[in-house]
Structure formats: C-alpha cells, structure tokens
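Take a look at the structure set out below.
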Amino acid sequence: MTIDESGVAEVVLDRPPANAIDLLTLTELKQAAEVLSVDRSVRVVLLSSALDPIFAGGFDLDFLPMIRAFHEVANAWVRIPSPTIAVIGGHAAGGGCELALACDFRVMARGRATIGLPEVKLGLLPSGGGTTRLPRLIGRAAALDLLLRGRLIGADEAERIGLITLAAEPQDLDHLARGLAAELAALPPLAVREIKRCVDLGLDGPVSAGLALEERGNLALAGTADAREGVAAFNERRPPAFKGA
C-alpha cells in the first residue's frame, strides 16, 4: 500500500496466477482498510491489480468457509471514510466482482475484461454480498438478469446498466482512474467524507433519518476552515485550497 503527497492511496492485488481470494488476501485487505480508515491524510483510495488479465477471482474453492471473513473485509472497505475506486483492468468474477461492489467507484477496461457473478452455474449463490449490494446498485431487474443467468459482461454493458462508473480503452484505464482520483482528492475531504457517510447511513433508514443526518452534517461542516475557504474562493473567483480542517 502506498499514499502519495496528494492523499491518493493505492492498494494493489498481487497473488499470481489469478488473484484468487484466500485467507491471506482477506487478512491483508482488512488490515489495509483499517489503516486507510484512520489515516486522515488519505483523500481517496485506488484498488487495482498487478496482474493484467485479472482484477480478482473468486474464493479459493478450498476456502468456502471464508464467507464470513469476506463479509468482514467487504464491510471494512465500505466503511473507509474516503472515496474508493476499483480499477478493473481484467476479469472480475465472483468474489472479484463483490470486492469491486464494496468500492464507491468502478472504472473498467474495454476488451477482454469481464465482470459478473457466475456462481449459479456451479450450483451456488454469490455469498460475498452480491445478492445484496448488486440490486442496491443497479436495481432488482438488472441484478436478477446477471445473478440468475450467471452472465459475465464487458465494460460497455456494465457502464450502461450502472454496474461500473466509467469504461475506458485498456491503454487509458490508468489515466482515467488517476484523473478521477485527483479530482476527488482536490475536493474538501471533510465534506466528501460526510456526504459518503450520509448516503451510506441514509440508505439503511427512513427518509426522515437521512434528512436529520444531512442537517447535523451541514451544521458541523459550516464551522470548518474548508467551508470558509470554499466560500472565500468562490467570492474571490480563485481556485480553493482545502486543508481538511
């Protein structure tokens, strides 16, 4: 894991030959999420793969009892306060797709890369959050089309149905992902984290609870130096310089 001077952190999956998700990988991913959750210098997180043809595979078939461990890891990634971006340059099937679903943004290369949840074809079901997070993201009908048929789809279809945020040509993927990361890192981090918190908590409760979250969040942000800087920069017609305070 690395963190650059602008606050962009990067976690790279590197378990040849297929980045299959085993107990060691889960332990390392959870540890990374825990560090990223408390390091206030982090403004955005990239999750990528060192293996060109693969983002991440499914569970090792010898490790089916790891379902609860995978849930803990995915939940830990969801709870990272800063925005997270899955950079999908290769196949993301099964657990790899579910890992990407635990991120806030997904950017994916066109071409050979596919994404989906094919577990039904093994007589199983996605058990790393696929049946829960996928319909919340793309809706029930589109989710059932992928889940019940076990389809693996390319970047353009994934972008069309909302499974990924952006599709890119393979040679442009890294540039696109880092451009998005730079855009997010330049925003006021306190406001970014509070918006993400309100969305995540608000989805699990009634609208009235979500409105209360917004009210409390804005009251807290209004007194920050970043809010004062944002208003001053707007009035002075200059780029803001947010400090995260």
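The values are calculated or read from the model by the stated rules, or taken from the named source; none is laboratory data. Since the structure is predicted, the reported quantities are computational estimates derived from the model, not experimental observations. Cβ atoms come from the backbone with ideal geometry, glycine included; neighbour counts cover every protein chain shown. Side chains included, ligands, DNA and RNA excluded: accessible areas come from the protein's heavy atoms. Shrake-Rupley method; radii C 1.70, N 1.55, O 1.52, S 1.80 Å.
Using DSSP to call loops (not H, G, I, E or B), can you name the trypsin sites (Lys or Arg not before Pro) in the stretch 1-64 whose Cβ has at most 16 other Cβ atoms within 10 angstrom? Let's see the in-between values first.
Details: sites: Lys30, Arg40, Arg43; in loops: Arg40, Arg43.
Those satisfying the criteria are Arg40.
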Query raised in the report: Using Cα pairs under 8 angstrom and six or more residues apart, how large is the relative contact order of the chain, in percent?
Result: 16
Query raised in the report: lysines within cross-link reach of Lys243: Cα-Cα under 21 Å, excluding same-chain residues under 8 positions apart?
Result: Lys196
Query raised in the report: Label-point separation (nm) for Asn235 and Asn75, each offset 7 Å from Cα along Cα-to-Cβ?
Result: 4.6
Query raised in the report: Can you give the Rg to Rh ratio for the stretch 128-200, taking only C-alpha atoms and Rh from Kirkwood?
Result: 1.05
Report summary line: Ordering 104-114, 235-245 by per-residue average of other C-beta atoms within 10 angstrom, highest first, gives 104-114, 235-245
Report task. Please work out the C-alpha center-to-center distance from the stretch 154-185 to the stretch 188-228 and express it in whole Å. Result -> 26
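For the chain, with all protein chains present and a 1.4 Å probe, just round the carbon and sulfur fraction of the accessible area to a whole percent.
Working: 7450 of 12690 Å².
So the carbon and sulfur contribution to the accessible surface is 59 percent.
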Query - Simple label model, 7 Å out from Cα along Cβ direction - Glu28 to Thr131, nm - result: 3.1
Requested in this report: Kindly express, to the nearest 10 degrees and within the range 0 to 90, the angle between helix 173-185's C-alpha long axis and the longest C-alpha principal axis of the chain.
Outcome: 30
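Taking the highest mean first, how do the peptides 192-200, 118-126 order by number of other beta carbon atoms within 10 angstrom per residue?
Values: 192-200: 16.8, 118-126: 14.8.
Taking the mean over residues of other Cβ atoms within 10 Å, the ranking is 192-200, 118-126.
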Requested in this report: Determine the per residue accessible area of the stretch 35-143 with all protein chains present and a 1.4 angstrom probe, expressed in square angstrom.
Outcome: 42
**Report entry** Helix 67-78 vs. the chain, principal-axis angle (Cα, 0 to 90°, nearest 10)
**Finding:** 30
Report task. Please give the per residue accessible area of the stretch 187-245, computed with a probe of 1.4 Å over protein heavy atoms only, in Å². Result -> 68
Query - Integer Hz, Karplus 6.51/-1.76/1.60 couplings in order for the stretch 154-159, x for Gly and Pro - result: x, 5, 5, 5, 4, 5
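Expressed in nm to one decimal, what extension gain is obtained for the pair Arg160 and Asp14 from 0.36 nm per residue of sequence separation less their Cα-Cα distance? Please list the in-between numbers first.
Values: separation 146, 0.36 × 146 = 52.56 nm, distance 2.92 nm.
Here the answer is 49.6 nm.
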Query - Crossing angle, helix 225-236 versus the chain [Cα axis fit, 0-90 degrees, rounded to tens] - result: 70
**Report entry** GNM top mover of Ile67, Ile54, Ile80 - the chain, alpha-carbon springs below 10 Å
**Finding:** Ile67
